[in-house]
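Engineer: There's a structure below that I have some questions on.
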Amino acid sequence: MSKYSNFLFVVIFAVVLFSCTKPFSSETAVPPTDYGNCKDCKFNPWCEGSEYTYTDSATGEINILNYQIIGDTTIDGVDYQVTLLADNDTVYHNCSFNVTKIAYNNGLGMTLETILKADAAIGETWTDTMPNNPSYNSVYYTLSNRLLNRTVGAKLFIDVIEVKEDYRFDGTSVGSANVYYAKGVGMIDRIAKDPAGTVQERTILEDYLIP
């Protein structure tokens, strides 16, 4: 699920990660549960048929994410939606009380991330630990700003929140990202940096459709 982690989500999203032996159930998808309004997750709506088009500044590559919700599963006792993306990657998603959690298999095992706490106060932090991930084994998140206006891909987005992600391996920073989420849209911009703070790539939202 490397693309998702690289964006979002390197959003995939994204883009990526570690071996884990967390309990995981449901080898086959079951009919989706009615989660109510898919837009209730205000800063990261997750709707059947949504489509996002991102451009990667490092490669010039255009990535199109199309969400096809194919079922439900349970991970660590929590219900997740099973979403098939346009590139046949599968991501597991849960958003309760505006907290977005994703899970995906990076080839070594399941990775679980809490990528966004949309109702967090400015300066609030949270951490994900990822044992045995060869790239980084913890991510430190900070909700660093909110109520921003931001122009991305020639579009003006209002009511934007910013999350700083600091990737660490055994406590040492191996890179970071500033991720921007627009209310009612989702991730609109991600700026990835090396440990010295030099920008390595930028992923921007070029177009989107949310049914």
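The values are calculated or read from the model by the stated rules, or taken from the named source; none is laboratory data. In this text the structure is predicted, and so the values were computed from the model without any measurement. Because the Cβ atoms are built from the backbone with ideal geometry, glycine has one as well, and the counts that use them run over all protein chains shown. Quick note on the areas: whole protein, heavy atoms, side chains included, nothing else; ligands and nucleic acids left out. Shrake-Rupley method; radii C 1.70, N 1.55, O 1.52, S 1.80 Å.
Engineer: Within segment 93-103, is even one residue outside any strand (DSSP E or B) and under 14 Å from the mean Cα position of the chain (by Cα)? Steps first, please.
Structural biologist: First pass over segment 93-103, keeping only residues outside any strand (DSSP E or B): 97-98.
Keeping just the survivors that are under 14 Å from the mean Cα position of the chain (by Cα) gives 98.
Yes: one or more hits.
Engineer: Please go through segment 58-101 and pick out each residue that is among the aromatic types (Phe, Trp, Tyr) and at pLDDT below 90.
Structural biologist: Once the filter is applied, which keeps residues that are among the aromatic types (Phe, Trp, Tyr) and at pLDDT below 90, segment 58-101 yields nothing.
Engineer: Next up: Which residues, taken from segment 135-148, are under 19 Å from the mean Cα position of the chain (by Cα) and open to solvent by 20 Å² or more (accessible area, probe 1.4 Å)?
Structural biologist: Selection gives SER135, TYR136, ASN137, TYR140, THR142, SER144, ASN145, ARG146.
Engineer: If you take the residues of segment 149-180 that are in contact with an Asp or Glu (Cβ under 8 Å, 6 or more places away or on another chain) and closer than 25 Å to TYR67 by Cβ, which of them is most open to solvent (accessible area, probe 1.4 Å)?
Structural biologist: Of everything passing the filter in segment 149-180, ARG150 is most open to solvent (accessible area, probe 1.4 Å).
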